[in-house]
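For reference, the structure is listed below as structure tokens.
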Ligand code: AGP
């Protein structure tokens, strides 16, 4: 996902822009660039490079920009055109007087490019973004804002834009549809950015630009309007999370920091949403009557969020007796889903900007479904497009591999299931009390698991040479196996597959030999013996077993080469507990292999394109 920052004010723009852009590195990128308008001569200067922001910084140190107090900069995650200097943003028009940065995809850029070429425009790059600069130029008659308005009317797709022109050095223009863009309001300075962490050290007063809105930023005022030109009085939010939330606080990686933030994230959610045995789902957007009338639930999500949804299915069906189906968003949106008038669609997304999940939600709404989303990023597109949003408030998740967002999603799904079970009176008061008591204990159980993290690290290192991992789980921990495999493969690049343990005989057992590592999730559960049988079959074929089991279970050690223990909890809550050793296992293996844990190759924190 690309990152955008723009500045207009009284400070020197380049250092402000680059420091802000570094806070967006977590979004994943392969090139970056910066453009400024010089204060004295009113020149437009541009510097771009493939690689990291530090490479861009080195170029600026070698060739410093003169004084400038307005600029835009960008980190690019390539969609159209290979990652190189020419394709890096910002992009200019033919005159070099107009600069554009963009996040998203212009779906009709080829036809626009053909039309502009016919009119004599010359293109330097292979990107869709460059078309926007030439379209503004084509419509420019002396009024930059009017030209931007006319240009964006021709665009189809998702775009967050930052635009500036050397003929208008006192204005920065922003526009968005489909990709996030915020306005930061400072004292005699204003900002645009893809995400709040970029500008938190300057201001906490934020406008979340909405789809179909434009903004004109001057150093002392910001005017927001619709694309059609109607003035808008925007809501100004005060961002509360702390700046150090986006710093590593002494941990080697954001991912490790976020793994350790899980106890606090869950503690805060439980304090806010579980009082005695009553669940408060503020933001749900549905009355108890509406919720009780729900006949089936369809979960749409991607990646880790999809795995959370799979756990949610087991929990909601078990506690509330309401049928749940779970779809990966990219499949849901094309399979002509059957949505009844009493279908509730639940969209799960940490970023709230995942293109496939947004598209799935739009498809569901077009079919008349009510949509509730479970989101971590406030003011995200998904949050705004849902009828109700359950914020997990887990704080910014910077590491590309999702950890605290996952367990926060799980916890929210447990709370939702408890709420629904109360409406359907499906479980006794005693059962409810037992579950909520165990749920409240989870944060402290996490802290107990952290006390063994050196042992987990040792097991990880001892197994980091294996070229292939199989993760096996049953019942409510089958999704845990899928998630464990995803964690490992996405940060260590080791092929890893999650499987339902009962499926072993139907093919995967052919994989087993002394060259494979098999992670078996065997916490206490009604089907524990079945899992042990699977482990015996694997052991008999010389597979190397790492078991994750419940404290006190000595017998398991006979079937596994190494065992990681988690504290005892309610059977239904074991996915919450096994998630942490799986995260740590993946983390320590990736570190041992020298991988870029926070920004794995080819990945972005949020996949805002299809
Ligand atoms: C998780 O570790 C991955 N980074 C990825 O699968 C992620 O969960 C997926 O892209 C969905 O993102 P979202 O929750 O922001 O929608």
Margin query: With the requirement that a residue be in contact with a helix residue (DSSP H, G or I) (Cβ under 7 Å, 6 or more places away or on another chain) and assigned to a loop (DSSP other than H, G, I, E, B), what does segment 553-568 give you?
Written below: 559, 560, 567
Check: Which members of segment 521-552 meet the condition of being part of a loop (DSSP other than H, G, I, E, B) and surrounded by fewer than 17 Cβ atoms within 10 Å (Cβ to Cβ)?
Finding: 524, 526, 527, 541, 542, 551, 552
Notebook entry, point to check: Residues of segment 382-403 being away from the ligand (no atom under 11 Å from the Cβ) and in a helix (DSSP H, G or I), which ones?
Noted result: 383, 384, 385
Notebook entry, point to check: Quick check: anything in segment 264-283 surrounded by 19 or more Cβ atoms within 10 Å (Cβ to Cβ), on the phi < 0 side of the Ramachandran plot, modelled with pLDDT under 95 and within 16 Å of the ligand (Cβ to nearest atom)?
Noted result: yes
Check: Among (1) touching a strand residue (DSSP E or B) at 6+ places or on another chain (Cβ under 6 Å); (2) without any contact (Cβ under 8 Å) to a residue 40 or more places away in the chain; (3) over 15 Å from residue 412 (Cβ atoms); (4) away from the ligand (no atom under 16 Å from the Cβ), which single condition is residue 366 missing?
Finding: (1)
Next item on the list: Quick one: count up the residues across segment 178-188 that are in contact with a strand residue (DSSP E or B) (Cβ under 7 Å, 6 or more places away or on another chain) and in a loop (DSSP other than H, G, I, E, B).
Entry: 4
Next item on the list: Just one of (1) at pLDDT below 90; (2) away from the ligand (no atom under 14 Å from the Cβ) trips up residue 339, so point out which.
Entry: (1)
Next item on the list: Return yes or no: is residue 110 without any contact (Cβ under 8 Å) to a residue 60 or more places away in the chain and buried (at least 21 other Cβ atoms within 10 Å of the Cβ)?
Entry: no
Margin query: For residue 184, only one of the following conditions fails: (1) within 30 Å of residue 111 (Cα to Cα); (2) within 25 Å of the chain's Cα centre (by Cα); (3) without any contact (Cβ under 8 Å) to a residue 40 or more places away in the chain. What is its number?
Written below: (1)
Margin query: Among the residues in segment 345-359, are any in contact with a helix residue (DSSP H, G or I) (Cβ under 8 Å, 6 or more places away or on another chain), outside any loop (DSSP other than H, G, I, E, B), more than 16 Å from the ligand (Cβ to nearest atom) and in contact (Cβ under 8 Å) with a residue 24 or more places away in the chain?
Written below: no
Next item on the list: Identify the residue in segment 487-520 that is touching a helix residue (DSSP H, G or I) at 6+ places or on another chain (Cβ under 6 Å) and in a helix (DSSP H, G or I) and, among all such residues, is farthest from residue 310 (Cα to Cα).
Entry: 492
Next item on the list: Test each condition in (1) outside any helix (DSSP H, G or I); (2) in contact with a helix residue (DSSP H, G or I) (Cβ under 8 Å, 6 or more places away or on another chain); (3) more than 16 Å from the ligand (Cβ to nearest atom) for residue 299 and report the one that comes out false.
Entry: (3)
Checklist line | Conditions (1) touching a residue at least 60 places away in the same chain (Cβ under 8 Å); (2) within 16 Å of the ligand (Cβ to nearest atom); (3) farther than 25 Å from residue 323 by Cα; number of the one not met by residue 406 | finding: (3)
Next item on the list: Could you tell me whether any residue of segment 419-426 is away from the ligand (no atom under 16 Å from the Cβ), surrounded by fewer than 21 Cβ atoms within 10 Å (Cβ to Cβ), closer than 17 Å to residue 571 by Cα and modelled with pLDDT under 95?
Entry: no
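The values are calculated or read from the model by the stated rules, or taken from the named source; none is laboratory data. Quantities reported herein were computed from a predicted structural model and do not represent experimental measurements. Every residue, glycine among them, receives a Cβ derived from its backbone with ideal geometry; neighbour counts consider all protein chains shown.
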